[in-house]
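Everything below concerns the one structure shown next.
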Amino acid sequence: MKPYVICHMMAPLDGRLIVSDWAKATGHSLDELVEVYDAVHDGIGADAWLSGRKTGEEFASASFASVTEASATPKRSVHVANPSATSFAVIIDKDGQLRWAAGDIDGAHLIVILGPQVSDEHLSRLAGVGVSYVVSSGPKIDLSQTMKTLATRFGIKRLMLEGGARTNGEFLKAGLVDEISLVLFPGIGGKSNTPAIFEGGSDGLADVGALELISVDKAGLGSLHIRYKVLK
């Protein structure tokens, strides 16, 4: 059992990931493009979204808020800080680099996915500001097990994957992406050595499965909203 995972992203015609690098090619501001993307996001609907550490940095604070004491024996596997939460923001922060001032992001309850090397002090401070967490048992974060935990312990049924190129690629390679939702804008970035929506390292991602078109619809500012089913 795992959530239904939709990788929801935005890109120009050449598939570049960093929106600030190509926004001006569309003739519109970054904020205008994001507004279209968010409207499509809201129309699809999900009870959780997930991103990696880089995106998490946009929401994290420089320090833990009003937490000075750390419990000596925090839970090491799963901590559910808000059992009544119905919407979630999930951030993968393997090394526990991010600091949080509260247990939510714009009203969505915060769940942090961590590697086993994080300290008890860090876990205590997460719990102290109302953040839920899941600690991987192996040396690498087991994405499949993490998805099962999000479903069984937090009740997440539908999750929007909005990660960086590497995070998206890892989810795709692990067979965890059920659908790809792309808002394709009329522009070309063309900046060399910048990431695409998916990155799969030297092995690439050509063998992870075929895609089946679900729908193509016009979206705002001349963009198209394209949806594909990922065939396992």
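Structure above, values below:
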item: Any chance ALA62 is modelled with pLDDT under 90, surrounded by fewer than 17 Cβ atoms within 10 Å (Cβ to Cβ), within 22 Å of the chain's Cα centre (by Cα) and aliphatic (A, V, I, L, M); result: yes
item: Tally of residues being in contact with a Phe, Trp or Tyr (Cβ under 6 Å, 6 or more places away or on another chain) and among the charged types (D, E, K, R) across the stretch 146-194; result: 3
item: Candidate set from the stretch 3-59 (those that are more than 16 Å from ILE197 (Cβ to Cβ), out of contact with any Gly (no Cβ under 9 Å at 6 or more places or on another chain) and hydroxyl-bearing (Ser, Thr, Tyr)); member that is surrounded by the most Cβ atoms within 10 Å (Cβ to Cβ); result: TYR4
item: Filter result for GLY169 (without any contact (Cβ under 8 Å) to a residue 40 or more places away in the chain and outside the structural domain of GLU57 (by TED's automatic domain parsing)); result: yes
item: Test: residue in the stretch 63-73 that is out of contact with any Lys or Arg (no Cβ under 9 Å at 6 or more places or on another chain), of a type in the set (S, T, N, Q) and at positive phi; result: yes
item: ILE141 surrounded by 15 or more Cβ atoms within 10 Å (Cβ to Cβ), at pLDDT below 95 and among the β-branched types (Val, Ile, Thr); result: yes
item: Qualifying residue in the stretch 157-167 (condition: surrounded by 19 or more Cβ atoms within 10 Å (Cβ to Cβ) and part of a helix (DSSP H, G or I)); result: yes
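Here is a yes/no grid of residues against (1) in the same structural domain as SER132 (by TED's automatic domain parsing); (2) free of Cβ contacts under 8 Å to residues at least 60 places away in the same chain; (3) surrounded by fewer than 18 Cβ atoms within 10 Å (Cβ to Cβ):
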position	(1), (2), (3)
THR146	yes, yes, no
THR152	yes, no, yes
ILE188	no, no, yes
LEU211	no, yes, yes
GLY222	no, no, yes
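The values are calculated or read from the model by the stated rules, or taken from the named source; none is laboratory data. Because the structure is a prediction, the values reported are computed rather than measured. Glycine gets a Cβ as well: all are built from the backbone with ideal geometry, and neighbour counts include every protein chain shown.
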